[in-house]
Amino acid sequence: MTERPKLVASRAPVPTPSHPNLGTPERLVSLAAGSLLIANGLRQGGLKGLPQLLLGACATWRAYSGTCRIKRAMTHSPFEQTFEQDRDWDGSKVISRSITIGKPREAVYAFCSDPANLGALMPWIDTIEQTGERTYRWVAHGPMDKTLHCDLEQCEPKEGRKLHWIAGPDRRFKHDIQMHFSDAPAGRGTQVKVIVACQTPLGAAGYALAAAISRFSDKALLNVLRSIKQQLETGEISTNKMRDPQTKDFLFVHPASSATRAPANDSPTDKSELNGGTV
Amino acid sequence: MRALTWQGPNKLQVETVDDPSILNPRDAIVRVILSSVCGSDLHLLGGYVPTMQAGDIIGHEFMGEVVETGSAVTQIKKGDRVVTVPIVGCGECEHCQRSDFSCCDNSNPNPTATDIAYGQPACGIIGYSHAFGGYAGSHATYIRVPFADVNLFTIPEGVSDEQAVFVSDAVPTGFFAADNADIQPGDTVAVWGCGGVGLMAMSSAYLLGAERVIAIDRFPDRLRLAEEKAGAIALNYETTDIHAALLELTGGRGPDRCIDCVGMEAHGTEVDYFYDKTKQMLRLHTERGTVLRQSIRACRKGGTVSVVGVYGGLLDKFPMGAIVNKALTLRSGQQPGQRYVKRLFEHIQKGELDPSYLLTHPMGLEQSVEGYAMFKEKRQDCLRAVFRPE
């Protein structure tokens with residue numbers, strides 16, 4: 001029997017009265033608040049009292065049933081909980097995307113292991129500077145002409161299977177990025193699964209904020225993975241522009257002491273066709 | 001160059017825009033010789049397809065001459081007279097390798113919109129909104145065609161420009177509809193919609209072995225063409241109870257294969273049409289499902305319903321119960337014309353197929369706004385207005 005993989009997509013179970021997700025103190029608070037709202041709503045009456053009455057009824061039902069969908073939405077997923085235990089983080093928000101690329105695993109791994117290849121496919125990245133043997137400074141242009149940077153350290157890779165980066169230990173909010181590579185069935189190439197985790201501060205509020213931001217991150221991740229697939233399968237990135245906008249000027253900066261870099265990919269095009277270059 | 005641009009719902013304008021240039025090694029630039037309106041453009045025009053932006057060049061059914069090629073283009077060369085399949089395939093992904101070009105993974109530069117709407121990104125389509133890639137369309141002097149070796153086809157001798165232009169979309173879409181219907185010898189095929197695609201689906205059904213084709217529409221000129229050019233039995237749904245007529249014509253069985261060449265702006269005379277129209281106007285759903293419901297209801301048990309009419313989003317009152325309990329097969333898709341173009345040219349060369357009669361109103365690009373109005377309002381028996389950019 002095939003072992004069930006640990007899914008990032010797993011969620012906390014849907015609460016029911018027989019399997020409540022509220023504790024006794026939460027139910028008591030909800031009951032008290034609901035009673036007060038109903039009483040005040042009845043006292044005020046009219047259009048002002050109606051919303052209080054409805055809200056009070058919801059709070060009372062919440063207390064009676066012991067179930068709360070909002071709390072469920074704010075509950076960290078089983079994957080996130082495991083991740084937090086492993087990393088000793090207070091909180092985390094994890095997103096994941098997978099894609100199948102019709103190229104051998106070795107070729108896909110080699111392409112992805114070179115940050116210069118990845119940076120060239122991200123329009124918002126200006127430069128990647130290799131600052132040490134395994135450390136890189138990614139510089140992006142943010143909103144309102146702000147320049148943002150992120151120092152990433154590459155962990156020991158599992159050759160051909162896994163790439164792993166973590167945000168520098170001095171960063172306030174840690175990030176953990178993993179790319180897992182496996183053979184797709186029936187010779188369909190390589191399955192790439194990316195898991196991006198960020199540490200969330202400030203409890204539930206921080207988690208809610210991270211969840212909101214992750215919706216944009218998820219789309220960015222989709223675009224990056226699609227671009228990797230396009231580059232490796234077709235040798236180019238599809239565009240709908242009429243003319244070359246000449247705005248992408250990506251640079252990969254090597255340390256002065258190093259003249260070598262990760263092996264080049266065996267994609268159909270050479271580096272000069274990646275809309276960027278290296279120095 | 002000059003181009004016909006979408007400026008808002010039911011608002012088009014011919015204006016001067018930048019010429020396209022080669023941006024990727026597998027691109028080609030084509031000088032447009034003929035570019036046709038298409039029924040699916042009316043969905044864009046009416047504002048039913050979201051993600052259109054003011055200034056977008058529309059048009060996707062065209063032929064022309066190659067004037068420039070990228071460094072990696074090997075099959076197509078400058079000076080070739082070509083037709084383009086507007087459903088863009090890359091030729092490399094697993095779907096293209098299976099000849100399912102309309103499922104291409106790599107041709108849509110904007111994957112997020114359809115990823116949200118459909119669960120996975122759709123392919124790119126020339127001149128068909130930013131959800132499908134935002135590619136500039138063909139109602140223009142020049143157009144950039146991505147993955148030229150996959151999507152451009154040299155037009156052989158003996159095929160005129162007026163025939164070739166429809167091998168871009170109307171003919172392969174019609175042929176795909178018939179092919180998808182899995183027509184068996186002796187089958188009766190009912191086709192809803194007698195526009196360019198519908199007429200080509202009827203001819204294709206005969207090429208694939210149908211014994212009898214029934215055409216359904218409401219415009220007398222189109223029904224006449226269905227009878228005269230496609231050899232169909234024509235039914236006007238404004239004067240005929242279509243369900244009863246289809247049963248009457250098939251000994252109570254229903255058509256073996258039903259083909260929907262109408263899509264999201266279906267018109268009807270029954271209450272469901274007014275229900276759909278109201279919900280569509282209120283933006284509560286996106287599709288009018290009159291034709292789908294009729295075809296599913298009429299189709300014989302165990303038959304096939306093939307859908308090439310364009311649907312974009314959500315449909316209410318979809319008769320899933322009939323599909324399950326009559327064991328129907330429902331097949332659909334954007335046309336993967338790359339599969340069929342060479343075969344279709346052979347049919348044209350042998351005289352078995354002649355789509356040139358679809359071209360009823362040739363005109364210059366500067367008259368294209370009027371051309372669309374005429375096409376939309378079905379004035380002067382306009383089946384297809386085709387523009388010739390100067």
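Of all trypsin sites (Lys or Arg not before Pro) in region A:2-35, which ones are in loop regions per DSSP and have a Cβ with at most 16 other Cβ atoms within 10 Å?
A:6, A:11
With both bridge residues required to lie in the protein assembly as shown, what share of the DSSP beta bridges run antiparallel, to the nearest 5%?
70
Give me the dipole magnitude in Debye, nearest 20, for the protein assembly as shown about the Cα centre, with unit charges on the beta carbon: positive for Lys and Arg, negative for Asp and Glu.
2360
Could I get the Rg over Rh figure for the protein assembly as shown? Both from C-alpha atoms, Rh via Kirkwood, rounded to two places. Write down the numbers at each step before the final one.
Numbers: Rg = 28.9 Å, Rh = 28.1 Å.
With Rg and the Kirkwood Rh in hand, the quotient comes to 1.03.
No solvent, one uniform scatterer per C-alpha: report log10 I(q)/I(0) for region A:1-75 via the Debye equation at q = 0.17 1/Å, two decimals.
Listed by q, the Debye log ratios stand at -0.69.
Kindly provide the trypsin sites (Lys or Arg not before Pro) of region A:135-240 that DSSP labels as loop, not H, G, I, E or B, and whose Cβ sees at most 12 other Cβ atoms within 10 Å.
Numbers: sites: A:137, A:146, A:158, A:161, A:162, A:171, A:172, A:174, A:188, A:193, A:215, A:219, A:226, A:229; in loops: A:146, A:161, A:171, A:172, A:174, A:188.
Here the sparse-neighbourhood loop sites are A:146, A:161, A:172.
Can you tell which of A:224, A:29, A:194 shows the greatest fluctuation in a Gaussian network model of chain A with Cα springs below 10 Å?
The residue with the greatest mean-square fluctuation here is A:29.
Amide H of residue A:66 versus every other amide H placed in the peptide plane: which residues, excluding those fewer than 5 positions away on the same chain, fall under 5 Å?
none
Net charge near residue B:221, counting Lys/Arg +1 and Asp/Glu -1 over other residues with Cβ under 10 Å of its Cβ? If you can, show how the numbers build up before the last one.
Details: positive: B:222, B:224, B:378; negative: B:217, B:381.
Result for the local shell: +1.
Nearest 5 percent is fine: what portion of the DSSP beta bridges confined to chain B is antiparallel? The partial results should precede the final answer.
Values: 31 of 57 bridges.
Of all bridge pairs located within chain B, approximately 55 percent are antiparallel.
At 222 nm, what helix-only mean residue ellipticity would the protein assembly as shown give, in deg cm²/dmol to the nearest 500, using -39500 (n - 2.57) for each DSSP H run of four or more? Walk me through the numbers before you get to the answer.
On the way: 21 runs with 212 residues, N = 669.
The helix-only estimate for the protein assembly as shown comes to -9500 deg cm²/dmol at 222 nm.
Obtain the nm distance between the two label points defined at residue A:217 and residue B:367 by a simple spin-label model: each point lies 7 Å from its Cα along the Cα-to-C-beta direction.
Roughly 5.8 nm, to one decimal.
Go ahead and set up a Gaussian network model of chain B, Cα springs under 10 Å, then flag whichever of B:19, B:27, B:105 fluctuates most.
Fluctuation is largest for B:19.
Which residue, A:64, A:109, A:136, has the most motion in a Gaussian network model of chain A that connects Cα atoms within less than 10 Å?
A:64
Count, for each residue of A:225-236, the Cβ atoms from other chains sitting within 10 Å of its Cβ, then give me the mean as a whole number.
Rounded to a whole number, the mean comes out at 6.
Give the residue list of GluC sites (Glu not before Pro) in region B:183-230 that are DSSP loop and have at most 15 other beta-carbon atoms within 10 angstrom.
In loop regions of region B:183-230 (DSSP not H, G, I, E or B), the sparsely surrounded GluC sites (Glu not before Pro) are B:211.
Within the set A:162/A:229; A:146/A:193; B:279/B:301; A:158/A:229; A:71/B:317, which residue pairs have Cα atoms separated by over 25 Å? Let's see the in-between values first.
Details: A:162/A:229 17 Å; A:146/A:193 31 Å; B:279/B:301 31 Å; A:158/A:229 21 Å; A:71/B:317 35 Å.
Among A:162/A:229; A:146/A:193; B:279/B:301; A:158/A:229; A:71/B:317, the Cα-Cα distance tops 25 Å for A:146/A:193; B:279/B:301; A:71/B:317.
Find the Cα radius of gyration of chain B, compare it with 2.2 N^0.38 Å by division, and give the number to two decimals.
Details: Rg = 19.8 Å, N = 390, 2.2 N^0.38 = 21.2 Å.
In units of the 2.2 N^0.38 Å rule of thumb, it is 0.93.
Please identify the DSSP H helices in chain A that span no less than 20 Å along the helix axis (Cα) and have a mean Kyte-Doolittle hydropathy of -1.0 or more.
Once both thresholds are applied, what remains is A:24-44, A:46-65, A:203-234.
Give me the lysines in straight-line cross-link reach of residue B:376: C-alpha distance below 21 Å, same-chain residues under 8 apart excluded.
Partners within reach: B:11, B:277.
For residue A:103, give me every one of the aspartates and glutamates with a C-alpha distance below 15 angstrom, ignoring sequence neighbours fewer than eight places off in its own chain.
Reachable aspartates and glutamates: A:183, A:233, A:236, A:266, B:92, B:94, B:105.
Apply the Karplus parameterisation 6.51 cos²θ - 1.76 cosθ + 1.60, with θ equal to phi minus 60°, to every residue of region B:89-97 and state each ³J(HN,Hα) to the nearest whole Hz, in sequence, with x for glycine and proline.
After applying 6.51 cos²θ - 1.76 cosθ + 1.60, I find x, 8, x, 10, 6, 4, 5, 5, 5 Hz.
Report the extension gain between residue B:390 and residue B:316 in nm, rounded to one decimal, defined as 0.36 nm multiplied by the number of residues separating them, less their alpha carbon distance.
On the way: separation 74, 0.36 × 74 = 26.64 nm, distance 4.48 nm.
Full extension from residue B:390 to residue B:316 adds 22.2 nm.
Sort A:92-98, B:134-140, B:2-8, B:46-52 for me by packing, meaning the mean count of neighbouring Cβ atoms within 10 Å per residue, highest on top.
With the highest mean Cβ count within 10 Å placed first, the list reads B:134-140, B:2-8, A:92-98, B:46-52.
Every read-out reported here was derived from the displayed coordinates using simple, explicitly stated rules and does not represent laboratory data. In this text the structure is predicted, and so the values were computed from the model without any measurement. Ideal geometry is used to build each Cβ from the backbone, glycine not excepted, and the neighbour counts take in all protein chains shown.
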